[in-house]
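Visitor: Below: one structure in structure tokens.
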There are 2 protein chains.
Amino acid sequence: MGTYAHGRLLDVYISAKVDYAVRAMCAVADAGDRPVTAEALASSQGLPPKFLESILNDLRRAGLLRSQRGAEGGYRLARAAKEITVADIIRPLDGPLAEVRGLRPEATNYEGAAAHLQDVWVAVRSSLRSVLEVVTLADIVAGKLPTSVVRLTTKADAWVSR
Amino acid sequence: MGTYAHGRLLDVYISAKVDYAVRAMCAVADAGDRPVTAEALASSQGLPPKFLESILNDLRRAGLLRSQRGAEGGYRLARAAKEITVADIIRPLDGPLAEVRGLRPEATNYEGAAAHLQDVWVAVRSSLRSVLEVVTLADIVAGKLPTSVVRLTTKADAWVSR
DNA sequence: ACTAACCCTGGTTGATTACTAGGTTTAGTA
DNA sequence: TACTAAACCTAGTAATCAACCAGGGTTAGT
């Protein structure tokens, strides 16, 4: 059972909620059209069961999962695994991909020496999207990411901490 | 006089602290080698004065600013504006650029259907770095960002919310 | 001395994250 | 018709943290 660490606010933070959601969605995708129970997902991925339940509910309300109650019930994908990106999972759970002090990047307004800072934040969001809106569940389950994404992981120092 | 909104945890969040820090650093860079007082920075950029003071202190301890006390005192850059990237400012204030549930991306460990999820998070961090480790204070003040960054801001839909 | 500036310790308020508890409803099976 | 397995729902909680503010101490020019 994990350590259930609490979040810290920093530049990019993948919350436990999102991390668990993506892992569960991968496991559901991997089961094909057979429904998978919340408990099976929790134990196969090592996730806190009750927390996962509420996440699965959110994903259903977001239109990403279909559920069936009762015995022989469980969850399955609402559409094909290749039609669900990581961004599709993040946004209904955690909100927009990028914000600056609570504002969308395009809504910021800078003056004086920092006048061009807005362009930097827009570029940050754009670079994020070039990964999260491109990688699908099918890609992750198959272990074959798009080449533009693979290129990022094979860059010099991509795996070192800084 | 801003609204002083509180932060929400989501994928990319530029905190008020970082936003203020970058703006202040831009204004200091813009002043050349003349020292600028905290009060002048606060009023020229519209930042909360006492909060800014503590941020400037952090930046000094991080080796990015040099300060002088007393009358005719103030802050100036510790090194050339073209040698200070946005990532240099973020890291001492908010910690590492990317974390997953409190872990660095390369320290995560996934099994089963989600085994390749780690690559996605590493790619996300890598794409972030390709902006934040490349843009310098000199670029922002001059309004001339590197072409690889400009390319991101001119992509289709780069300025729309989603 | 006076004063303008940085420096330092500490506190507050409200929000959020990462969960848990416990019951209600639905739907197959004996 | 009971039984049971599963989804569903409404709460609630502890710890953490962001985004500030107050107030005094220290340094250095005039």
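The values are calculated or read from the model by the stated rules, or taken from the named source; none is laboratory data. Note that the structure is predicted; figures quoted are calculated from it, not measured. Glycine also receives a Cβ, built like all others from the backbone with ideal geometry; neighbour counts cover every protein chain displayed. Just so you know, the surface numbers come from the protein's heavy atoms only, side chains and all, with ligands and any DNA or RNA stripped out. Shrake-Rupley method; radii C 1.70, N 1.55, O 1.52, S 1.80 Å.
Visitor: How far, in whole Å, is the nearest Cβ of chain B from the axis relating it by rotation to chain A, and which residue carries it?
Guide: Smallest Cβ distance to the axis, with its residue: B:127, 2.
Visitor: Starting from a label point 7 Å past Cα on the Cβ side, list the distances from residue B:83 to the same position in the other copies, nm, shortest first.
Guide: 5.5
Visitor: Cα to Cα, under 15 Å, and not fewer than 8 places away if on the same chain: which aspartates and glutamates meet these conditions relative to residue B:82?
Guide: By straight Cα distance, residue B:82 reaches B:30, B:33, B:133, B:139.
Visitor: Could you give, in nm with one decimal, how far residue B:49 is from each other copy of that position, shortest first, with labels 7 Å out from Cα toward Cβ?
Guide: 5.8
Visitor: Further, regarding this structure: Before I look further, what does the protein assembly as shown give for accessible area per residue, probe 1.4 Å, in whole square angstrom?
Guide: On a per-residue basis, the protein assembly as shown sits at 47 Å².
Visitor: Just which residues of the range B:12-45 lose 30 Å² or more accessible area with every protein chain there, against their chain alone, with the probe set to 1.4 Å?
Guide: Output list: B:12, B:13, B:14, B:19, B:23, B:45.
Visitor: How many nm separate the modelled label positions at residue A:80 and residue B:68, each set 7 Å beyond the Cα in the direction of the Cβ?
Guide: The modelled label-to-label distance comes out at 6.8 nm.
Visitor: Using a 7 Å offset from the Cα along the Cα-to-Cβ direction at both residue B:133 and residue A:115, what is the distance between the two label points in nm, to one decimal?
Guide: For residue B:133 paired with residue A:115, the spin-label model returns 3.2 nm.
Visitor: Same structure again: Under the rule of -39500 (n - 2.57) per DSSP H run of 4 or more residues, summed and divided by the residues of the protein assembly as shown, what mean residue ellipticity at 222 nm is obtained, to the nearest 500 deg cm²/dmol?
Guide: Taking each H run of at least 4 residues, the total per residue is -13500 deg cm²/dmol.
Visitor: Say a label goes 7 Å from Cα toward Cβ at residue B:143 in every copy; what distances in nm does this one have to the rest, shortest first?
Guide: 5.2
Visitor: Further question on the same structure: Pop a pseudo-label 7 angstrom from the Cα along the beta-carbon direction at both residue A:40 and residue A:142 and give the gap in nm to one decimal.
Guide: 2.3 nm
Visitor: Oh, and also: So what are the ³J(HN,Hα) numbers for the range A:61-66, from phi and the Karplus equation (6.51, -1.76, 1.60; θ = phi - 60°), rounded to whole Hz, Gly and Pro as x?
Guide: Whole-Hz 3J(HN,Hα) from phi for the range A:61-66: 4, 7, x, 9, 10, 10.
Visitor: Using a 1.4 Å probe and counting only protein heavy atoms, how much accessible surface gets buried when A and B come together, both sides summed, in Å² to the nearest 100?
Guide: Counting both chains, the buried surface is close to 6600 Å².
Visitor: If you roll a 1.4 angstrom probe over the protein chains with everything in place, what fraction of the accessible area of chain A belongs to carbon and sulfur, to the nearest %?
Guide: Carbon and sulfur atoms account for 49 percent of the accessible area of chain A.
Visitor: OK, next. Scattering from the C-alpha atoms of the range A:32-138 alone, worked out with Debye: what is log10 I(q)/I(0) at q = 0.09, 0.20 1/Å?
Guide: Each listed q maps to, in turn, -0.35, -1.06.
Visitor: Any idea what the alpha-carbon Rg over 2.2 N^0.38 Å comes to for the protein assembly as shown?
Guide: After normalising by residue count via 2.2 N^0.38 Å, the value is 1.09.
Visitor: Are there residues in the range A:79-103 whose accessible area shrinks by at least 40 Å² when all protein chains are included rather than the chain by itself, and which are they (probe 1.4 Å, ligands and nucleic acids not counted)?
Guide: The answer is A:94, A:99, A:101.
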